[in-house]
Structure formats: structure tokens, C-alpha cells
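Visitor: Structure provided below as C-alpha cells; questions to follow.
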Amino acid sequence: MPTTSSIVYANRLCDSETMTTKLIYQVKQNQLSEKELNKLQARCSRELGELRQELNVLLQELRAIADRSAPSSAEPRKSAA
């Protein structure tokens, strides 16, 4: 009978403080092989790209909200000069 693990794996390394701390320790102690370091670097690069994309989406949403709540462009803006 198959059992399900009670361990919940984080989708990203940065989502798990424990995993991040463990990896930092392993890197500092030179416990990872070159192949493992290359895999870790590729994963980190991929996750960074995903985070950048998510940030871009959030920024677009914030700009859309700001545009909707900004005074209409028909009213002249006062300059500080």
C-alpha cells in the first residue's frame, strides 16, 4: 500500500528557509560537487527568472491601479517650479 509523505517540498529554494540555510552551509563547507553546484546555479537562475516575471506582473497591476486612481489628464498639473 503506497503511503504519502508528510514532507511538503517547497516549489522554490527561497520558499524554504531551512533548505536555503542547508544549501548555504553545504556551499561554504565545500560539500557540493561541481555537478551539484552547476545544477544549483541553473535552478537558482530559473527561479530568479520566475520571480522577475512575477514582479513585472505585480508592477503592471500596481501601475494600472495608479492610473485608475490618478486625476484625469484633462486637469492641468501644477508644477513645483
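The values are calculated or read from the model by the stated rules, or taken from the named source; none is laboratory data. Only a predicted model underlies this, so the values are computations on that prediction, with no experimental measurement involved. Because the Cβ atoms are built from the backbone with ideal geometry, glycine has one as well, and the counts that use them run over all protein chains shown.
Visitor: Are there any pairs with C-beta distances below 9 angstrom linking a residue in region 54-81 that is closer than 30 Å to Arg12 by Cβ and among the basic types (Lys, Arg) to a residue that is at pLDDT 90 or above and surrounded by 10 or more Cβ atoms within 10 Å (Cβ to Cβ), with the two at least 6 apart or on different chains, and if so which?
Guide: Final answer for the pair search is none.
Visitor: For the list (1) modelled with pLDDT under 90; (2) of a type outside the set (Val, Ile, Thr); (3) part of a helix (DSSP H, G or I), I need the number of the one condition that Ala10 fails.
Guide: If we test Ala10 against (1) modelled with pLDDT under 90; (2) of a type outside the set (Val, Ile, Thr); (3) part of a helix (DSSP H, G or I), just (3) comes out false.
Visitor: Considering only residues that are polar (S, T, N, Q) and part of a helix (DSSP H, G or I), which ones fall in region 27-67? Even if it seems obvious, please write down each step before you answer.
Guide: So the first thing to find is which residues in region 27-67 are polar (S, T, N, Q), and the list is 29-31, 33, 38, 41, 45, 53, 56, 60.
Hits for region 27-67 are Asn38, Gln41, Ser45, Gln53, Asn56, Gln60.
Visitor: Does region 36-50 hold any residues that are of a type in the set (A, V, I, L, M, F, W, C) and either exposed (fewer than 12 other Cβ atoms within 10 Å of the Cβ) or in contact with a Phe, Trp or Tyr (Cβ under 9 Å, 6 or more places away or on another chain) (or both), and which are they? Steps first, please.
Guide: Looking only at region 36-50, we keep the residues that are of a type in the set (A, V, I, L, M, F, W, C), and these are 37, 40, 42, 44, 48.
Ala42, the sole residue that qualifies.
Visitor: Give the residues of region 53-70 that are surrounded by fewer than 10 Cβ atoms within 10 Å (Cβ to Cβ) and basic (Lys, Arg), sorted by residue number.
Guide: Across region 53-70, the qualifying residue is only Arg68.
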